[in-house]
């Protein structure tokens, strides 16, 4: 385990991270969802599968998790952490392409960091939370059209965070370079009714889509 120094508006702090070196010169930095942390089986399964495909991976916690809180802190804290995590990844392998990926909240915070100036080669979202369930009138998408790097949305067709799907498709259509991979029947954690699997297996099953997107 490593520690990443983060300069927050409230002062300096550190977050825990796990770096795993790959073989082909591309790094995927991975952020967790709002209610979990970097060691959730979904993320470890996802990262391990990417590692088996040759990618370097970096998983990290947001500061609120390090502080033992369940609810995310300000977006500025998450954006600062994303910047620090990408800088750490570049220090480990300065020649590698760097891709940002995240589950739900972690992916949305990556997109906000990129719209705020963070430089990465692309963004891969695992269940982008377009809006809170049942509140499509409050989409979180105003920054997405300004992002110029490629964006990959991996989405479950039954995810309540993107219903109605037509609204989500309209948002993706406003992006400059974006594509969607649909997981038929998948919910927000990509669970499929009647097809129970461990979270680590579900995470691992998504790795090939992101690998194809990010492969050099």
Contour minus Cα-Cα distance for residue 14 and residue 215 (0.36 nm per residue): 69.3 nm
Rg(Cα) / (2.2 N^0.38 Å) computed for segment 109-170, rounded to two decimals: 1.12
Sequence ranges 103-111, 196-204, ranked by mean other-Cβ count within 10 angstrom, highest first: 103-111, 196-204
Where labels lie 7 Å past Cα in the beta-carbon direction, separation of residue 169 and residue 71 in nm: 3.6 nm
Potential extension, residue 143-residue 23 segment - 0.36 nm per residue separation minus Cα distance: 39.8 nm
Fraction of beta bridges assigned by DSSP in segment 2-214 that are antiparallel (%, nearest 5): 35 percent
Three-way shape label, segment 45-103, alpha-carbon gyration tensor, a/c 1.5: oblate
Cα gyration tensor category, rounded, prolate or oblate, for segment 1-94 with a/c compared to 1.5: oblate
Cα gyration tensor shape of segment 90-216, rounded if a/c is under 1.5, else prolate or oblate by comparing a/b with b/c: oblate
Radius, Kirkwood style, for the chain when every pair of distinct Cα atoms is counted (Å): 17.0 Å
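FYI, it's all coordinate maths here, none of it is from the lab. The model shown is predicted, which means the values in this text are computed figures rather than measured ones. Cβ coordinates were reconstructed from backbone atoms using ideal geometry, including for glycine residues, and neighbour counts include every protein chain displayed.
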